[in-house]
Structure formats: C-alpha cells, structure tokens
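What follows is a short report on a single structure.
The values are calculated or read from the model by the stated rules, or taken from the named source; none is laboratory data. None of these values were measured; they are calculated from a predicted model. We place every Cβ from the backbone using ideal geometry, glycine too, and count neighbours over all the protein chains shown.
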Amino acid sequence: MKKLVPFICILISATVAIAQEKSGLTPIFNGKDLTGWSGNNPHTTAGATKALAKAAKKAGEEVSEEAAAKATAESLKKQAAEFSKHWSVKDGALYNDGHGPYATTAKEYGDMDFTVDYKTVPKADSGIYLRGTPQVQIWDHTNEAAHKHGADKGSGGLWNNNKDNPGKNPLVLADKAFGEWNAFRIRQLGARTWVWLNDKLVVDGAIMDNYWDRSKPLPAKAPIHLQTHGGEISWKNIAVREIPGDEANAALRGEDEGFSQIFNGKDLTGWAGAADNYEVVDGAIACKKGKGGTLYFDEKLTDFVARVEFKVPPGGNNGLAIRYPGKGNTAYAGMCELQVLDNTAEKYKKLDVRQFHGSAYGMAAAHRGYQRPVGEWNYQEVTVKGSTIKVELNGTVILDTDLSSLDAAEFMAKSKHPGLKNTDGYFGFAGHGDAVYFRNVAIKKL
C-alpha cells in the first residue's frame, strides 16, 4: 500500500488541476517540483539595498541604479541557494520546514482570483504576500501568547493594514482545527481585496495598505510570496485566474446601490454646457475630436460620490469638472478639474506631476501607473466632501487630499484657483479636443 500513496497523490493533484482549469483558474504549482517558484524574502531583499543606501549616505554619496540592482541580484542569488534547502514537495504539496526565504512566483500578478490550501502546526504564524506586500495573515488562533496581536480573531485578515482600517481583522473566525487543510480564495482588484477562508468571507473589499511605503498605494503588479515564519507549513491547490479589465470594472462598481444614473446611454438629456461638442457613441458620451468645452449634468451638487467609466485614445486628454459654476475654465473657476489623460503618451512626458491622470489639475498630484492600457475601459470613483477629494482608479486610491490644506503659492505656474472654495456646483466633462469616452455615469449625494 505504501507504494501506492505517491500515485494516489498524483492522481488527486491531476483531478484538482482539471477542476481548477474548468473554473478558469490556472495551476501555478505542478505538485511535483519547484518549477515556477524561487526564494525571495522581500524584507531580506529590501534590506540589501537599504544597507547600501545607508553606507552611501555616510560617505556623502548617492546609490546608482546599477549598484542597487547589483545588491538586489546578489541578495536573490544567496536566497536561491537557501530555497531548495528548506522547500520541497511532499505528497503533492509544497512543503516548508519553517525556515529559509519565501516561496515566490516567477510571474507578477495584478487583478486576480487566487486559491491556495494550507496546513500548518500549533503556534504557527505565516501569511501570503499579495503584490509583494504583507499580508493575508495565517495564525494559530488558539495560541494565547499571540492573542495580543489578534490571533484569537483567526486567519485571513490583512494584518499589516493601518490600525483600525477595514480588513485588518477578519470578519469571522473561520479556521479549521490543526491537522486539517484550510482553503483560501482571494480576489484582488487594484488594492481592493476580498478573502474567503473555508468558504467564509473574512475580508470584504477592503483596501490593502502598502506596508513598504504607506504614503503610496500597492504596486499595480508584483509577485505572490508564501511566507515561512518558523513553523512547518504545507501548501497545495495553488492557482490563479487573471481578471480582465471589463470584468474588474463591473465587480468594482457592484450594484450601484444608492447611486442615480445621470446619463441614459442614448442622448444628452439632462446635460448642459458645450453639448454641441459632444455626442453619444455606442452608449457612451464622447467628446468630438477637435472640439472641447465643459459638458455638465444640469443639477448643482454639494458633497457627492461620482462613478464613471472612461476610455482614452492614444494621447487623449479630458477632465472631470468638480463643482463647476457653469462658465469659465473648470480647472480654475470650479473647485478643480480632475485630469483624464493618457499618461503613457510621449508628448506628455515632461508635464508637471500635477497634470497627470487623476490629479487635481495644477494643485495636487495623483499616483501614476494604475490605468489600464490605452483603448481599454477604466473604472473611477470620485468622492467630494467639503474641501476633500478622493480618486479611486480601478480599485486603487490615487489621490486623497484636502485642497484647503495646500499652499496656493506652490500651485503650478503660481496660478490662482478662485473656484477652490466652491461649496457647490456642477459635475461634468472638460474636453480638450480628443475623443475621450465616458459611460455608466452615476452620482450619489452625500
């Protein structure tokens, strides 16, 4: 019978792999060897460049990109030698003895569904790094010594989130008894993260904080790491489905509960301003090429949340008019213009950072790198409350600022923004001659 065990494990692994493929998931662990995985503890890797930077600072020098890359490569080389000492395949599962670098995917992932089962030992403390960032937590919830860290609440939370942020602690305790396999299903769209543990929802669309630099959002793509943290742990049924943009947009939008559609998808009924310069094409509002001006929904708003999908052509330029008074240039006469731009266009390479997509034009710069490829639809949610404005693009917050706290003397070109203190106004689109498209436009008043 002992000789049959490996065969049975292989047969079970093959059956699971077939089931995963039918559900759209692609196995990223073959159940036989470490193909597709390498050793990389990102704390160790980052530490190599930090040490280099510290030494350079002491010498009054700067670290070149080449030197930083070399330090990273040397660190990864050392970790590669350690990887095979501590990671192996046992009975069709990826096994770790509790030591060594983390098991890391060769590929980087962005929007995805990810499944993995794990089995660990008493007093375990491990986790799953998403986009190279800690972490979906794995605890021994019975370990009283770790209750002060939240272990009693169970596994699956985004433990490294800022204190009191949604998702830091799991919604329910869903762990199985030790010796049993636990099953994770994780969905990540931008920084928004859902976690199911043993079919129970433990994180519901929470923003995952960037542990490495809390002033920035998660990277758009990065590897998955399976952490080793002192206790033996096994992993199996590891699979990924990368989620296309349109599906991600629909999932992020949800049911539009509490929102009112302000564009009927057929004509510009209810809209005012530069209506002659816009048209409806395939259910979307489009600025006519070579035309411009501000088209706005003809109802004044104070505090609100706007949802919109947009698509830019190569080099496309438009904007969202926020609290626009009905005349003038919304970038200055309105509270602000939120830039809608093809950030990748060569002609925009030397723009002021406050002119790129999602920025409060000329005042506050948005984070870049989160748009979908040119020609694809993006989903954006804008929250305007008092003097604050938040922009979430494809599930990632790229701007979150209080415009009243900014130093007007530092605005781009030292331009004045007389509409900055507007307490109400219109929402719309500020065309600049490019055929930029907008659809599924909805508003929720706050």
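One residue is enough: does segment 5-26 have a residue meeting the conditions modelled with pLDDT of 85 or more and polar (S, T, N, Q)? So far as segment 5-26 goes, yes, one or more of its residues are modelled with pLDDT of 85 or more and polar (S, T, N, Q). Quick one: would you say Arg354 is basic (Lys, Arg) and either closer than 21 Å to Arg372 by Cα or at pLDDT below 95 (or both)? Considered against the rule, which asks whether it is basic (Lys, Arg) and either closer than 21 Å to Arg372 by Cα or at pLDDT below 95 (or both), Arg354 comes out as yes.
In segment 375-392, the residues that are at negative phi reach residues that are in a strand (DSSP E or B) and among the aromatic types (Phe, Trp, Tyr) with C-beta atoms within less than 6 angstrom, at least six apart or across chains, in these pairs: Asn378/Phe310; Val384/Phe304. Going by the structure shown, is Asn169 farther than 28 Å from Gln79 by Cβ, surrounded by fewer than 21 Cβ atoms within 10 Å (Cβ to Cβ) and among the polar types (S, T, N, Q)? When the stated conditions are applied, Asn169 passes them.
Scanning segment 413-436 for residues that are surrounded by fewer than 22 Cβ atoms within 10 Å (Cβ to Cβ) and over 17 Å from Lys385 (Cα atoms) gives Ala413, Lys414, Ser415, Lys416, Pro418, His432, Gly433, Ala435. Of the numbered criteria (1) buried (at least 17 other Cβ atoms within 10 Å of the Cβ); (2) outside any loop (DSSP other than H, G, I, E, B), the one His357 fails is (2). Under the condition of being closer than 22 Å to His43 by Cα, of a type in the set (Ser, Thr, Tyr) and out of contact with any Pro (no Cβ under 6 Å at 6 or more places or on another chain), the residues counted in segment 97-119 number 2.
Considering every residue within segment 324-332, establish whether at least one is assigned to a strand (DSSP E or B) and in the same structural domain as Ala366 (by TED's automatic domain parsing). Yes, that holds for at least one residue. Taken over segment 263-304, the criterion of being within 32 Å of the chain's Cα centre (by Cα), assigned to a loop (DSSP other than H, G, I, E, B) and buried (at least 18 other Cβ atoms within 10 Å of the Cβ) is satisfied by Phe263 alone. Restricting attention to segment 376-389, the residues that are more than 15 Å from the chain's Cα centre (by Cα) and either small (Gly, Ala, Ser) or part of a strand (DSSP E or B) (or both) total 8.
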